[in-house]
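Working notes, structure below.
The values are calculated or read from the model by the stated rules, or taken from the named source; none is laboratory data. Predicted, not measured: the structure shown is a model, and the values here were computed from it. Neighbour counts run over all protein chains shown; Cβ positions are idealised from the backbone, glycine included. We work out accessible area using only protein heavy atoms, side chains counted, and drop any ligands, DNA or RNA first. Shrake-Rupley method; radii C 1.70, N 1.55, O 1.52, S 1.80 Å.
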Amino acid sequence: MVAAHHLRIHSIESFGTHDGPGIRLVIFAQGCQFRCLYCANPDTWDPHGGREMHIDEIVQLAISQQPFFGKRGGVTISGGEPTLQRVVLLELFQQLHAAGINTALDSNGRLLNDEVKDLLAETDYLLLDVKHINDDWHKQLTGVSNESVLQVAAYREQTGKEMWLRYVLVPGWSDQPEYLHQLGRHFAHYKSIKKLEIQPYHRLGVHKWEVLNMPYQLNDVPPPTQTQLNEVATIFRQYFTEVVIN
């Protein structure tokens, strides 16, 4: 059990530039319900792993870095899956807002209840990971359905608050043109989506699977080429105003 006012975290990245706008303090929360085949940090899955950090300590760390944030930067909570700790995150985000610091939440969209909705109301930027638009492929990639992911996206659109989509491109798994177009059509009318980020699949976390004595199932899958990334970006640009390759 995590003590009150504490967040169980995996790690911290200062001066992050890939998890929301501007320069950001990125806190990686511990615990995740997805079992993505390409996960670079399977050591975040265990909700009892990592270490506890008092939210006051996080706020003070953010305030100390505030001069570097500029007008756009702030704090991003990533994971793992942050919404597993939604109640304490709500308190954290409220304190950050009181200090004049904006908030971003990088979520897999697995949960949507009243507590998550309260958290989303305090979230300036939702970075929603859409692993696959096809439910069968999504289950193969993550072990769970994408139904809740699409529900979270629809709810965010309903609130009118900003959202970015994140899409991991895995050759042979999430690069099928028909499903890329399907994803585009599904979200084309969303006014809350300001950006879609294509994240190239990589193998940098394979050693962690080995350390945890877990079989890595994508050993034969190479990272996407620049040509493949460009082709996918071309498709997505038919539907989204801004598409970037991270």
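Would you be able to tell me the number of residues in the range 53-81 that are in contact with a Ser or Thr (Cβ under 7 Å, 6 or more places away or on another chain), under 15 Å from Asp124 (Cβ atoms) and of a type outside the set (Val, Ile, Thr)?
Filtering the range 53-81 down to residues in contact with a Ser or Thr (Cβ under 7 Å, 6 or more places away or on another chain) leaves 65, 74-75, 79-81.
This time we only want the ones that are under 15 Å from Asp124 (Cβ atoms), so: 74-75.
Narrowing further to those that are of a type outside the set (Val, Ile, Thr): 74.
So the answer is 1.
Mind checking whether some residue in the range 6-25 is more than 24 Å from Arg166 (Cβ to Cβ) and part of a strand (DSSP E or B)?
Residues of the range 6-25 that are more than 24 Å from Arg166 (Cβ to Cβ), as a first pass: 6.
Filter once more, keeping what is part of a strand (DSSP E or B): 6.
Checking the range 6-25: at least one residue is more than 24 Å from Arg166 (Cβ to Cβ) and part of a strand (DSSP E or B).
Considering the range 214-240 alone, what residues qualify as being more than 19 Å from His132 (Cα to Cα), in a loop (DSSP other than H, G, I, E, B) and either modelled with pLDDT of 95 or more or of a type outside the set (S, T, N, Q) (or both)?
Step one: of the range 214-240, the residues more than 19 Å from His132 (Cα to Cα) are 214-216, 219-220, 225-227.
Now drop any that are not in a loop (DSSP other than H, G, I, E, B), which leaves 214-216, 219-220, 225.
The answer is Met214, Pro215, Tyr216, Asp220, Thr225.
Using the structure shown, decide if Leu204 is of a type outside the set (Ser, Thr, Tyr), open to solvent by less than 10 Å² (accessible area, probe 1.4 Å) and either at positive phi or not in a strand (DSSP E or B) (or both).
On the way: of a type outside the set (Ser, Thr, Tyr): yes; open to solvent by less than 10 Å² (accessible area, probe 1.4 Å): no; either at positive phi or not in a strand (DSSP E or B) (or both): yes.
It is false that Leu204 is of a type outside the set (Ser, Thr, Tyr), open to solvent by less than 10 Å² (accessible area, probe 1.4 Å) and either at positive phi or not in a strand (DSSP E or B) (or both).
Determine which single condition Val75 fails, assuming it passes every other condition in (1) under 30 Å from Gln140 (Cα atoms); (2) within 14 Å of the chain's Cα centre (by Cα).
Going through the list (1) under 30 Å from Gln140 (Cα atoms); (2) within 14 Å of the chain's Cα centre (by Cα), Val75 breaks only (1).
Residues of the range 60-91 being in contact with a Leu (Cβ under 7 Å, 6 or more places away or on another chain) and over 18 Å from Asp19 (Cα atoms), which ones? Break it down stepwise before answering.
Here is the first cut: in the range 60-91, the residues in contact with a Leu (Cβ under 7 Å, 6 or more places away or on another chain) are 61-62, 65, 75, 77, 82-83, 85-86, 88-90.
Gln85, Arg86, Val88, Leu90 - these are the residues of the range 60-91 that are in contact with a Leu (Cβ under 7 Å, 6 or more places away or on another chain) and over 18 Å from Asp19 (Cα atoms).
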